[in-house]
1. Of these, 70, 128, which one is within 17 Å of the chain's Cα centre (by Cα) and either surrounded by fewer than 16 Cβ atoms within 10 Å (Cβ to Cβ) or in a helix (DSSP H, G or I) (or both)?
2. Please determine whether any residue of the range 84-98 is under 25 Å from residue 56 (Cα atoms) and at pLDDT 95 or above.
3. Can you tell me which condition residue 64 does not meet? The list is (1) in a strand (DSSP E or B); (2) closer than 22 Å to residue 150 by Cα, and all the others hold.
4. Any residue that is of a type outside the set (A, V, I, L, M), within 20 Å of residue 9 (Cα to Cα), outside any strand (DSSP E or B) and in contact with a His (Cβ under 9 Å, 6 or more places away or on another chain) - is there at least one of those in the range 77-94?
5. Scan the range 1-14 residue by residue and report those that are modelled with pLDDT under 95 and more than 11 Å from residue 68 (Cα to Cα).
6. Does the range 83-91 contain at least one residue that is within 23 Å of residue 128 (Cβ to Cβ) and surrounded by 13 or more Cβ atoms within 10 Å (Cβ to Cβ)?
7. Residue check: is residue 113 surrounded by fewer than 13 Cβ atoms within 10 Å (Cβ to Cβ), under 26 Å from residue 60 (Cβ atoms) and modelled with pLDDT under 95?
8. Being of a type in the set (A, V, I, L, M), surrounded by fewer than 13 Cβ atoms within 10 Å (Cβ to Cβ) and in a helix (DSSP H, G or I) is the filter here; which residues of the range 1-44 pass it?
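The values are calculated or read from the model by the stated rules, or taken from the named source; none is laboratory data. Only a predicted model underlies this, so the values are computations on that prediction, with no experimental measurement involved. Ideal geometry is used to build each Cβ from the backbone, glycine not excepted, and the neighbour counts take in all protein chains shown.
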Amino acid sequence: MTGFPQDTDIILVAILPNPKDLNIARLLGWYRIPLKSSPKVISVDYVAFYQTGAFGEEDRWKIKIIAPVRGHELTTRRELFKDEPHHPRSTEEYYKIQLGPLQSLDRPIIADRWRRITFFYTTGELFRNAVSLRDLIVSGEERLLLWKSLRERAENYGNGNTFIVDYKDWDLDLISIISEWDKIKESENGYDDY
């Protein structure tokens, strides 16, 4: 895994609750994060997957896989799992993180003991040199740089549900829109004639 990821890349270490989620990432190329528990910024370069106890004695409590992030979108669980339309959380919003090819680490990054992890950020440099989860913790001046970079990404890219609209560039004739409003309301799906 030499040169991958780069020193300045931002990595989101994320929980991989069970093998089903690993299969989704591997076969379908995406990972889901519930909006209500998502990290503040998801515009990252990579996702590293922390495997829980559901992976069995040999593979639990470690990071064995990383994947580049290709993009993200906000959707519902119902859209992600069309075969589960009546799931209790089917209407809840999720980030769908599009992934590049999953990469297995040459040497897994282990938790020296059981850890409850959901999400945290680290850098490519720390990730490449890490032996245990403790080695991924960003501290000191590097922590300030990481948060500054995350703040810039949030401002520039948002998390998928933030839209910055500059209306002054729109060429709108509000008088025409208001005068045509009845036609818009009466059209079959609201916008057929426009």
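1. Matching residue, one of 70, 128: 70.
2. Within the range 84-98, not a single residue is under 25 Å from residue 56 (Cα atoms) and at pLDDT 95 or above.
3. Here residue 64 clears every test but (2).
4. No; the residues of the range 77-94 include none that is of a type outside the set (A, V, I, L, M), within 20 Å of residue 9 (Cα to Cα), outside any strand (DSSP E or B) and in contact with a His (Cβ under 9 Å, 6 or more places away or on another chain).
5. 1, 2, 3, 6, 7, 8
6. Within the range 83-91, not a single residue is within 23 Å of residue 128 (Cβ to Cβ) and surrounded by 13 or more Cβ atoms within 10 Å (Cβ to Cβ).
7. Against the criterion (surrounded by fewer than 13 Cβ atoms within 10 Å (Cβ to Cβ), under 26 Å from residue 60 (Cβ atoms) and modelled with pLDDT under 95), residue 113 qualifies.
8. 27, 28 - these are the residues of the range 1-44 that are of a type in the set (A, V, I, L, M), surrounded by fewer than 13 Cβ atoms within 10 Å (Cβ to Cβ) and in a helix (DSSP H, G or I).
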